[in-house]
Amino acid sequence: MDGQLDRRAELSEFLRTRRARLKPEDVGLESYGRQRRVPGLRREELAQLAGVSVAYYTRLEQGNGQNVSAEVLDAIARALRLTDAEQAHLTHLARPKQQRRRAGAARGKQPVRVALLQLLESIDTVPAYVTGRRSEILSWNRMAAALFGDWGKLPAAERNWARLVFLNPDYRELFVDWDQKAYDMVSFLRMDAGRHPDDPRLSALVGELSVKSEEFRRLWATHDVKEKSYGVKRMRHPLVGDLTLSFETFRLVDDDEQAFVTYHAEPGSPSADALRLLASWGTDAAASLPA
């Protein structure tokens, strides 16, 4: 993939896959006819639920989102039973001119504020890092290096969560629930692609991962989107063994394309003891990890 993603194709496939996952009985419609040639709802059924003409919805599903109103998008989102993240993605695809901003970030590295870098360095017991567009890892502290590996040893282009998850086999060992991590990663990239379909670097990343990873191709084809700001990750660290850590993701108020991510353990738990041990080993722990 070169240049940019095809926004019209993205809109078409997203609507088609969301429609395909619904059955008539899911939305209170009678399932007439024994043989249905398409999975899920028919276009006319979806149009009926949304209160729009079949021709109008068909044009939208064919990728023609020009001049579609917010009210119509809301009605279609309700009919498709979209999540908040899915509805935001639909809006990004159908009404891109209202979503584009800071286009220059597509051409170069996103700078991290000095105060934020200082905050990272001051946190010496909690793994923390800053991510940007395309799942790029922009900066991190010593504890993040001890937990995930010394990203500083990697070329800048390889400091990317999607690349690490799908192309570095050691990260399959690090994340106990690797399948869920991979799904979350692709869902995030889909959201990013909806916001910035004209980003050539994102398009190149998707193209590379599609060529090199069968799992990525399969997940990308689902068109699933999700934003996950907190949760729990289970890891198997080569030095300290199993850890169960909670993560929190904080979007920056002045730049919502950057996020500050932290991992912490429940106080008094074996995982908390393991983090303290990692902190005492410092750079020696980072040297044993995949990056």
> When all alpha-carbon pairs of the stretch 138-192 are counted, what percent fall beyond 12 Å?
Replying inline: 69 percent
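Determine the calculated [θ] at 222 nm for the chain from helices alone, applying -39500 (n - 2.57) to every DSSP H run no shorter than 4 residues and normalising by the residue count; nearest 500 deg cm²/dmol.
Values: 14 runs with 135 residues, N = 291.
Mean residue ellipticity at 222 nm (helix-derived): -13500 deg cm²/dmol.
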> D for the stretch 115-163, whole µm²/s, Stokes-Einstein with Kirkwood Rh over alpha-carbon pairs at 37 °C and 0.692 mPa s: what number?
Replying inline: 298 µm²/s
> Can you list residues whose amide H is under 5 Å from N141's amide H, if they're 5+ apart or on another chain and H is modeled 1.01 Å from N?
Replying inline: A128
>> Please report Rg (one decimal) and Dmax (integer) in Å for the Cα set of the stretch 176-246.
In response: 14.2, 43
>> Looking at the chain, I'd like the Rg to Rh ratio, where Rg is from alpha-carbon atoms and Rh is Kirkwood's inverse mean 1/r.
In response: 1.03
> Does a label point 7 Å from the Cα of T58, set along Cα-to-beta-carbon, have any residues of the stretch 14-29 with amide nitrogen under 19 Å, and which are they?
Replying inline: 14-17, 19-20
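With a ≥ b ≥ c the root eigenvalues of the C-alpha gyration tensor of the stretch 215-280, is it rounded (a/c under 1.5), prolate (a/b larger than b/c) or oblate?
Numbers: a/c = 2.77, a/b = 1.49, b/c = 1.86.
Oblate, since a/c reaches 1.5 and b/c is not below a/b.
With a 1.4 Å probe and all protein chains kept in place, how do V211, V225, V240 rank by accessible area, largest first? Write out the running numbers ahead of the final one.
Working: V211 115, V225 10, V240 30 Å².
The ranking, largest first, comes out as V211, V240, V225.
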> Given H placed on each backbone N at 1.01 Å, which residues far from N160 in sequence or on other chains put an amide H within less than 5 Å of it?
Replying inline: I137
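When you have a sec, figure out the Kirkwood radius of the stretch 147-291 from all distinct Cα pair distances and drop it here in Å to one decimal?
Values: mean 1/r = 0.0606 Å⁻¹.
Hydrodynamic radius (Kirkwood, Cα only) of the stretch 147-291 equals 16.5 Å.
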> With each pseudo-label sitting 7 Å past Cα toward Cβ, what's the D255-D179 distance in nm, one decimal?
Replying inline: 3.7 nm
>> From the Cα trace of the stretch 43-92, what convex hull volume per residue do you get, rounded to a whole Å³?
In response: 68 Å³
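The values are calculated or read from the model by the stated rules, or taken from the named source; none is laboratory data. A quick note: this is a predicted structure, and the numbers were derived from the prediction, not measured. Note that each Cβ is placed from the backbone with ideal geometry, even for glycine, and that neighbours are counted across all protein chains shown. Side chains are part of the model used for accessible areas, which takes the heavy atoms of the whole protein and leaves out ligands, DNA and RNA. Shrake-Rupley method; radii C 1.70, N 1.55, O 1.52, S 1.80 Å.
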